[in-house]
Structure formats: C-alpha cells, structure tokens
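Trainee: Pasting a structure here, questions to come.
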Amino acid sequence: MTIEIPAIQQSQSLIGRWVDGRWIAGESAPSSHVPPSSTGGAETDHRKTGLTIPFRVEWSIYAGLVLIALAMRLYDLGGRAVHHDESLHGYFAYQLFNGSGYDHNPLMHGMFLFHSIATSFFLVGDSDFSMRLPMALFGTGLVLVPLILKPRLRQVGALFAALMLAFSPSMLYYSRFARNDIFMAVFALALVGVMWRYLDERKNRWLYAGAALVALGFTTKETQYIVVGLLMAYLAIQTWRELRDWIYARRNLNEFGPEASFLVLLLALVLPLGGAGFAIFQTTLGVTLAAEDGLPGVVTGSPNGAGWAVAIGISAALLVMSLSIGWFWNRKVFLGAWGIFLFVFVMLYSNFGSNPAGVGTGSWQSLGYWLAQQDVARGNQPWYYYFTIGAIYEFLPFMVAVFAVIYYGFRSGIRPWILLALIAASMSVLANAPLSFERGFVQESEQDVLTLVGKAALLVVYLSAIATPFVLKTTKFNRFLIFWAIGTFVAYTHAGEKMPWLLVNVSLPTIVLAAKILNDMVMSVDWRSASRNRAVFAVVGVPLFYLLVWKIAFHNFGEGGVQFASVWAIFAGIGILLLGLQILASRIGRSQALGLVGLMTAVLLFGLTFRAGWIASYENGDVPREMLVYTQTSPDLHELAKEIERTAQLTGDRSAIKLAIDTRDAYSWPWQWYLRRYTEVAFTDYSSDSLEVGEDRLIAVINSNNNAKMVNKLPTGFSDGRRLVHRWWFPERYRDLTPGTFFGTLIDRNRWNGTVDYFLYRKLSNPLGTIDSYVYYSDKVPLVPVK
C-alpha cells in the first residue's frame with residue numbers, strides 16, 4: 001500500500017512518501033497538479049450525460065436570472081417600514097457617512113455593513129432605498145456565486161443553485177433588508193467554492209482568495225466562526241491520518257496534501273481570533289474574560305480586572321502559534337495570505353486607521369459578546385424553531401435534502417440506520433425530560449442526574465447527525481454538502497439566539513445540496529428515450545396525482561352514494577396514474593421514471609416557493625403575518641414620518657421643526673433614523689409623572705402606556721390624539737408544541753385545516769401583538785393641508 005502526498009507547489013520536488021507503514025524521505029514527489037479524478041477531486045459520472053446546455057444558452061439563462069433577481073430586489077425597495085434593527089444600522093452608517101463617526105460595537109456585529117451602507121449614502125444619497133441597496137446588490141450577486149462551484153455542481157446543478165438562490169423566500173426577503181446575513185451568504189458560499197477549487201486545482205490563488213473571504217466574513221458577523229469551524233471540522237475528518245502523522249513527527253507541515261493545507265491556512269488565520277473562546281472556562285479560572293450581559297460598569301464581552309492580563313497573554317500566545325504554524329507550513333504562501341487577511345481585517349475594524357482600538361474589539365470582544373449572548377437567548381425560541389420556519393419558506397431545498405439523505409441511507413447498509421436509531425432514542429429522552437433539558441442544559445440553573453442524562457442525550461444527537469454523512473455511499477462532494485447542511489442546522493439549533501434572519505445561513509447549504517441532488521436526477525435520465533416513451537405525460541400526471549391526494553386529505557365527500565362515488569373515482573384516478581408510472585418504468589427503467597416524478601415534484605414545489613417569497617416580500621413585507629417578518633415597525637410610522645416631513649415643509653420650519661418623541665419601550669428607534677436630519681427633536685421617556693411636553697413643540701408622539709397621564713399635560717391647543725401601531729409581532733403559538741400535540745395533529749385530519757390555511761393563505765387564528773403610540777399636533781399646524 002502506498003499513499004503519496006502531493007506537493008503544494010510545483011517547485012517542491014523532494015518531500016517523501018508514506019509506504020507500507022513507514023515514511024520514506026527524499027523520494028521525488030508527484031507533480032503538484034494531479035487530475036481531480038485521481039486525487040479525490042470532482043467525481044465524474046462516467047455514464048452518458050443526461051443533458052448538456054449550449055454555452056450561449058447557459059449564459060443567457062444566467063443573464064436573465066441576474067436581471068430578474070436585480071429587479072425583484074430593487075422593486076419598491078424603500079417602500080417598507082424601517083425595522084428596529086435597520087434603523088440602528090442606517091443611523092450609525094449615516095453618522096459614519098456625515099463625518100460624525102461610528103466605532104465598532106459588537107452589539108451590531110462587524111464593520112463591513114456600516115462601511116457598505118455609508119458608501120451607498122455617499123454614492124446615491126441617504127434614504128430608506130440606499131440603506132438597503134448594498135444588500136440588494138449582494139443578494140443579486142449571490143446568484144452568480146455557484147459558478148465557482150460549477151466543476152463540482154456541474155452545469156445543471158450550478159443553474160439550479162442560481163435559480164433557487166434567486167427565488168428563495170429567505171434570500172429574497174433579506175436581500176431587501178438592511179442586515180448583514182445576505183453578506184454572510186455570499187462570503188460563506190464563495191469560501192466553500194474557493195476551498196473546493198483549491199482542492200481540485202492546487203493553485204495558490206485560491207488560498208489568497210480564501211484568506212480575503214475569511215477576513216470579510218469576520219468583519220461582517222460572528223457567524224463566520226460557525227462557517228469556518230464547520231469547514232475545519234470537515235477537513236480535519238478527511239485528513240486525520242495526515243494530522244496523526246504530523247503529531248507523531250512522521251510528517252512535516254510542508255508535506256501536507258491540499259485538504260490538510262487548506263485546514264492549516266484556516267487554522268492559522270482564525271487562531272488569533274479565538275482567544276475569547278477561553279471565556280467558557282472563566283468560572284474555573286476565576287477571572288472575567290468575557291463579561292456577561294448586564295454586568296455593571298463593564299462592556300459585554302470584554303475582559304475585566306485581572307482578566308485583561310490573561311486575555312492579552314492568551315491573544316499573544318495564539319498569535320505566536322498562528323505565525324509559527326504558517327511559517328513552517330509554507331512561509332511564502334502564508335505571508336501573502338496573512339497579509340491579505342490582516343489588511344482587510346485591520347482596515348475595516350479600525351475605520352481605515354481612525355479607530356485603532358477597533359482591531360482589539362473586533363478580535364476579542366466580537367466573539368466574547370456573542371458567547372455572552374447565548375445564555376440571554378434573545379428571541380427565546382424553541383429548539384425546533386428552524387424546523388418550523390424552514391418548513392414554511394424553504395420547503396423545496398429541505399425536502400430534496402431529506403429525500404437525498406434517505407435515498408443514500410438505503411444504499412449504504414445498516415450504519416446510517418444505527419445512527420438514526422441513536423438520534424431517535426436520544427430525542428425521546430429529551431422529549432421526556434424537557435425541564436432537565438431546557439433549564440439544566442441551556443440555562444445551567446440546576447445540576448442533577450436528569451440534567452446529565454439530557455446533556456449526554458443531546459451530545460449523542462449532535463454527534464450522530466454530524467457522523468451520518470460519512471457513512472453514506474455517495475460521492476465525496478455530496479458527503480461534504482450533507483455534512484455542511486446538517487452541521488449548520490445543528491449549530492444554529494444549539495445556539496441560544498434564534499431569529500428569522502438566521503434562516504438565510506441555515507438554508508444556504510441546503511439549497512446547494514438540493515441543487516446538486518437535482519443535477520444528479522437530471523443526469524440520471526436518458527431524455528431521448530424518455531421522450532420516445534411518452535414521459536412528457538408526467539408533466540400532467542404528477543400534478544394530477546397530488547391534486548387527487550389533496551382531495552382525499554381535505555375534501556368533504558358527503559354521505560351515502562355520492563361519497564362512495566367520489567371516493568371510488570379518486571382512487572380509480574390514482575390507480576390509473578400509478579399504472580401509467582409502472583408502464584413508464586418498464587420502458588425507461590424504474591430509477592429514471594422516479595427521477596422524472598421527483599423533478600416534476602420539485603417544479604411544483606418551486607411554484608409554491610416563488611409564491612411564498614412574493615407574498616412575504618411584496619404583500620406582507622412589514623406585516624407580521626409572516627414568520628420572516630417577526631417583530632416589525634408598523635407601516636403607520638412609515639406614513640407618519642412622511643407626514644412630519646410634509647408638515648415641516650408647510651410650516652417653513654423644515655429641519656428645525658420642533659418635535660417630541662416618547663422613548664419608553666425603546667421608541668427612539670426607528671425615530672432616530674427617520675428624524676436624523678431634524679435638529680430640534682426632544683427624545684424623552686415620559687414615564688416620570690414630573691415630565692411634560694414642551695410648549696414650543698408642534699408634534700408630539702407619545703407611547704400608549706404613557707398616554708393616559710400625558711394627555712392632560714400637553715400644551716394648550718393640541719389636537720386630539722390619533723392612535724398608531726408603533727410595533728407589531730407574529731403571534732407565536734408554536735412555542736408550546738409538545739410531542740403529543742405534534743403527532744396528534746399528524747393523525748387527526750380535523751386539525752390540518754389551520755396549518756394548511758396558514759401555509760397557503762397566511763391566515764392566523766390569533767391576532768397580531770402590538771404596542772401603540774399616539775400622535776398629537778399643535779393648532780399652529782394646518783392639519784388639512786398636511787393630510
């Protein structure tokens with residue numbers, strides 16, 4: 001048995017080989033450029049290709065997708081009310097743009113978002129539209145990123161990925177939303193693409209591109225730790241033999257193959273940013289390395305007291321380790337990649353040199369703050385949150401991915417089913433000990449035997465789920481995609497903070513996996529043979545089959561003879577369709593016939609996906625009938641902001657119009673953004689009985705909780721108040737779901753209607769939650785012209 005270790009560069013000619021359990025030094029190494037088929041690169045399906053798209057047609061499709069994606073993301077981009085978080089991002093980017101300055105604050109993640117929005121303000125002016133413009137452009141660019149993975153996804157798979165990314169409800173909605181998650185989708189997918197291009201081509205340019213993408217991700221959001229962590233975990237599993245040999249001094253770092261080399265690069269870049277991770281041991285160490293949320297006088301996520309010396313020591317040690325690893329691996333390549341990474345990271349976090357301290361907060365406090373927030377668990381969502389919201393919006397990629405895992409499981413012997421049994425048994429333990437799991441594991445408020453059992457069960461679930469891809473009999477790239485999808489889902493499910501915008505990150509690998517599976521299905525079909533054997537009838541037969549099944553599930557057939565005739569006709573129709581499928585399978589093969597059914601099913605699901613995205617983005621964009629919308633500023637405030645602007649123009653006061661804004665319940669947002677140009681705004685919390693609205697104010701906006709006592713304290717001459725919805729939110733009835741309720745709903749046909757009504761029509765059985773305000777006008781304002 002001989003294992004050859006390819007060189008990183010062609011200039012390396014003497015490295016050695018591992019032969020039959022012994023390391024033989026001084027042997028000539030193989031060429032650094034080895035065809036992918038012989039080195040674990042892109043696996044090639046040697047059967048006759050099912051479909052090839054001409055080059056011009058392919059690029060015409062990409063051009064059309066980009067134009068459609070751009071139009072969908074720019075249409076009425078400024079028409080939706082500005083969300084609370086958007087107002088924070090827009091306001092501080094505006095401060096950066098106008099010269100007032102904004103320095104890194106981990107509360108709002110990295111600096112890339114603020115510099116991109118400030119650049120947009122500089123180019124096209126500050127507005128709701130320009131605040132969201134960078135996200136719209138990145139969301140459009142995301143459509144083209146699968147081209148990096150085209151050698152792996154293949155031609156059709158890359159097109160499927162582009163199509164699903166263009167129309168994905170979560171990708172579309174958050175491409176029109178001033179948050180950083182769509183940036184992360186671009187950087188994460190590009191980094192995965194760059195990794196695989198390096199593994200296949202062994203060209204150093206991909207290492208330099210990877211360094212830039214790692215830096216951009218870390219300057220955008222702390223979820224980059226999850227992205228890089230999963231890639232490192234995959235590479236470590238793939239290269240454990242090389243790592244073992246290095247540990248035992250049988251191999252040098254510069255003798256690593258491409259997978260281990262990419263792992264070394266990621267490790268060397270990330271090590272200096274991982275120091276705050278030691279905060280999980282701060283109780284044992286007896287020092288504060290990352291202050292918890294709410295600790296008086298200490299910034300959340302930063303060290304305190306003696307913790308500063310320990311934090312500096314840890315950072316210095318990790319930096320030395322990083323430089324040493326890179327130096328002994330491949331100093332020339334590493335120094336180039338390190339320089340690129342350092343340039344991007346330092347420039348963005350230091351505000352291009354004006355805030356050097358930002359480099360420190362970005363490298364320590366970002367992770368420290370993120371870790372501190374996990375126990376806070378903002379959103380307070382249940383562990384099954386992403387199952388719920390994913391089934392509502394990203395059902396196409398999730399269903400294809402689940403189908404793929406099941407399909408490969410049946411082809412892979414008993415090992416996947418052993419892991420599945422372990423997951424099921426462990427989930428049963430957790431379901432029967434919810435108190436232990438929720439309070440003991442998540443919040444660590446009690447330590448007892450049940451808590452330890454819950455921890456062990458949860459660990460078994462995670463390890464079994466992550467191990468599943470590696471026991472499936474499929475291509476190496478498919479195993480990676482399954483690992484990436486499962487690992488991402490597990491990581492975000494375990495994280496304390498669960499929010500709808502994180503669905504962008506959760507669904508991204510699943511979309512890519514679904515695209516690859518659909519590509520394999522297309523390639524499995526001999527389309528000429530299928531056409532000759534009337535497979536085109538599947539276009540009608542598959543939708544008709546699902547329609548008949550729908551009738552059985554939900555239709556009331558009446559009683560007596562009419563009921564019998566209806567049921568008989570439907571079952572007869574289903575039987576005829578199944579007979580047709582059997583005939584088609586006998587002519588073109590069962591796998592091809594089922595592949596056609598699967599592809600037609602995907603087309604139907606795509607239609608529902610398009611509909612879900614359209615309704616969420618254009619009909620309910622700021623109305624929380626959508627789980628994607630979550631808690632949202634009401635359109636009433638958006639209109640009131642325009643009304644204030646018209647009033648300012650009418651009175652001649654313009655930016656100096658005198659306004660009073662009640663800030664109770666964080667009401668200063670989004671008003672800080674909407675009123676950013678006004679110079680005479682009094683932001684006051686009127687909860688105190690001693691406070692009154694100033695006599696010189698022309699407009700007052702009062703929190704509904706303060707309205708009863710403030711209505712008599714308004715200056716003389718103010719109008720009657722007009723009630724407005726300030727903020728509203730989705731009624732979260734799904735929070736208290738139990739296993740009994742879930743399985744009871746599955747088997748009780750009478751309970752299905754509510755679920756289907758919400759899925760198709762967004763009908764809610766509970767009213768939206770709201771918190772309101774009142775607006776008052778002085779009689780100095782001519783109200784009729786204003787309105």
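Trainee: Once R0 is set to 56 Å, what does the formula 1/(1 + (r/R0)^6) return for the Cβ-Cβ distance between PHE387 and ASP779, expressed as a FRET efficiency to the nearest 0.05? Numbers along the way, then the final one.
Mentor: Working: r = 55 Å, r/R0 = 0.99.
Calculated transfer efficiency: 0.50.
Trainee: Still on this model: Quick one: Karplus J couplings for region 595-602, per residue in order, coefficients 6.51, -1.76, 1.60, θ = phi - 60°, nearest Hz, x for Gly and Pro?
Mentor: Taking θ as phi minus 60°, the curve returns x, 5, 4, x, 5, 5, 5, 4 Hz for region 595-602.
Trainee: What would the Debye equation give as log₁₀ I(q)/I(0) for region 658-747 at q = 0.24 Å⁻¹, counting only Cα atoms as equal point scatterers?
Mentor: So the normalised log intensities are -1.30.
Trainee: Rg over Rh of region 638-787, using C-alpha atoms and the Kirkwood radius, what does it come to? All intermediate terms of the calculation are to be shown ahead of the outcome.
Mentor: On the way: Rg = 21.2 Å, Rh = 18.0 Å.
Ratio value, two decimals: 1.17.
Trainee: Whose amide H sits under 5 Å from the amide H of PHE718, counting only residues 5 or more places off or on another chain, with H placed in the peptide plane?
Mentor: Amide H neighbours of PHE718, under 5 Å, 5+ apart: ASP779.
Trainee: Now for a different question. Per Stokes-Einstein, at 10 °C and 1.306 mPa s, what whole-number D in µm² s⁻¹ belongs to region 499-589, with the Kirkwood radius over Cα pairs as the hydrodynamic radius? Working shown, then result.
Mentor: Details: Rh = 16.5 Å.
Rounded, D is 96 µm²/s.
Trainee: So how much slack lies between TYR546 and GLN95, counting 0.36 nm per residue of separation and subtracting their Cα-Cα distance, in nm?
Mentor: Details: separation 451, 0.36 × 451 = 162.36 nm, distance 5.47 nm.
Length gained between TYR546 and GLN95: 156.9 nm.
Trainee: Okay, moving on. Provide the percentage of antiparallel DSSP beta bridges, counting only those with both residues in the chain; round to the nearest 5.
Mentor: Details: 24 of 31 bridges.
Counting only bridges with both partners in the chain, antiparallel ones make up about 75 percent.
Trainee: Please work out whether region 78-129 counts as rounded, prolate or oblate from its C-alpha gyration tensor, where a ≥ b ≥ c are the square roots of the eigenvalues and a/c under 1.5 means rounded, while otherwise a/b larger than b/c means prolate and anything else oblate?
Mentor: Values: a/c = 1.96, a/b = 1.16, b/c = 1.69.
Note, shape of region 78-129 comes out oblate.
Trainee: Among 752-760, 308-316, 477-485, how do they line up from the highest to the lowest mean number of other beta-carbon atoms within 10 Å? Display every interim value, and only then the final one.
Mentor: Numbers: 752-760: 13.1, 308-316: 16.4, 477-485: 23.4.
For the peptides 752-760, 308-316, 477-485, the packing ranking is 477-485, 308-316, 752-760.
Trainee: For THR284 and TRP240, what is the calculated FRET efficiency with R₀ set at 30 Å and r taken between the beta-carbons, to the nearest 0.05?
Mentor: Values: r = 29 Å, r/R0 = 0.97.
So the FRET efficiency works out to roughly 0.55.
Trainee: Amide H to amide H under 5 Å from GLY769: which residues, 5+ apart in sequence or cross-chain, H placed 1.01 Å off N in plane?
Mentor: TRP729
Trainee: Right, something else. Ranked highest first by average number of other Cβ atoms within 10 Å, how do 646-652, 771-777 line up? Intermediate results must be reported in sequence, preceding the final value.
Mentor: Details: 646-652: 15.6, 771-777: 20.7.
Listed from highest to lowest mean packing, they are 771-777, 646-652.
Trainee: Along the three principal axes, how long is region 451-493 when you take its alpha carbons, biggest first, rounded to the nearest angstrom?
Mentor: The Cα atoms of region 451-493 stretch 39, 20, 6 Å along the principal axes, largest first.
Trainee: Read phi for every residue in region 241-252 and hand back ³J(HN,Hα) as whole Hz from Karplus 6.51 cos²θ - 1.76 cosθ + 1.60, θ = phi - 60°, with x for Gly and Pro.
Mentor: Going residue by residue, I get 5, 5, 5, 5, 5, 5, 4, 8, 6, 8, 8, 8 Hz, with x marking Gly and Pro.
Trainee: Taking just the C-alpha trace of region 544-662, give me its Rg and Dmax in Å.
Mentor: When restricted to the Cα atoms of region 544-662, Rg and Dmax are 27.5, 81 Å.
Trainee: For the chain, place one equal point scatterer on every Cα, skip the solvent, and apply the Debye formula. What is log10 of I(q)/I(0) at q = 0.08, 0.10 Å⁻¹?
Mentor: -0.79, -1.21
Trainee: Right, another one. List, in the order given, every pair from LYS332/LYS498; LYS642/LYS713; LYS473/LYS498; LYS498/LYS763; LYS150/LYS473; LYS551/LYS763 whose Cα-Cα distance in the structure shown is over 30 Å.
Mentor: Details: LYS332/LYS498 42 Å; LYS642/LYS713 26 Å; LYS473/LYS498 33 Å; LYS498/LYS763 24 Å; LYS150/LYS473 22 Å; LYS551/LYS763 21 Å.
Over 30 Å apart, Cα to Cα: LYS332/LYS498; LYS473/LYS498.
Trainee: Okay, next question. Any idea of the accessible area per residue across the chain, 1.4 Å probe, to the nearest Å²?
Mentor: Values: 35030 Å² over 787 residues.
Heavy-atom SASA per residue in the chain reads 45 Å².
Trainee: While we're here: Contact order normalised by length for the chain, with contacts defined as Cα pairs under 8 Å and 6 or more residues apart; what percent is it? Don't skip to the answer; put the middle values down first.
Mentor: Numbers: 1176 pairs, mean separation 104.3, N = 787.
Relative contact order for the chain comes out at 13 percent.
Trainee: Along region 686-694, what does the Karplus equation 6.51 cos²θ - 1.76 cosθ + 1.60 (θ = phi - 60°) give for ³J(HN,Hα), rounded to whole Hz, x for Gly and Pro?
Mentor: Once rounded to whole Hz, the list reads 8, 5, 6, 5, 8, 8, 9, 6, x.
Trainee: Pop out the carbon and sulfur fraction of the accessible area of the chain as a percent, whole number, probe 1.4 Å. Walk me through the numbers before you get to the answer.
Mentor: Details: 22050 of 35030 Å².
The value for the chain is 63 percent carbon and sulfur by accessible area.
Trainee: Report the rotationally averaged projected area of region 302-374 based on its alpha-carbon convex hull, in square nanometres.
Mentor: On the way: hull surface 23.5 nm².
If you wrap the Cα atoms of region 302-374 in a convex hull and average its projections, you get 5.9 nm².
Trainee: Over region 662-787, what is the mean sequence separation of C-alpha contacts under 8 Å (at least six apart), divided by residue count, expressed as relative contact order in percent?
Mentor: Values: 126 pairs, mean separation 43.6, N = 126.
Averaging sequence separation for qualifying contacts and normalising by length gives 35 percent for region 662-787.
The values are calculated or read from the model by the stated rules, or taken from the named source; none is laboratory data. What you are looking at is a predicted structure, and each value in this text was computed from that prediction instead of being measured. Here the Cβ is made from the backbone with ideal geometry for all residues, glycine too, and neighbour counts use every protein chain on show. The area values use the complete protein model at the heavy-atom level, side chains included, leaving out ligands, DNA and RNA. Shrake-Rupley method; radii C 1.70, N 1.55, O 1.52, S 1.80 Å.
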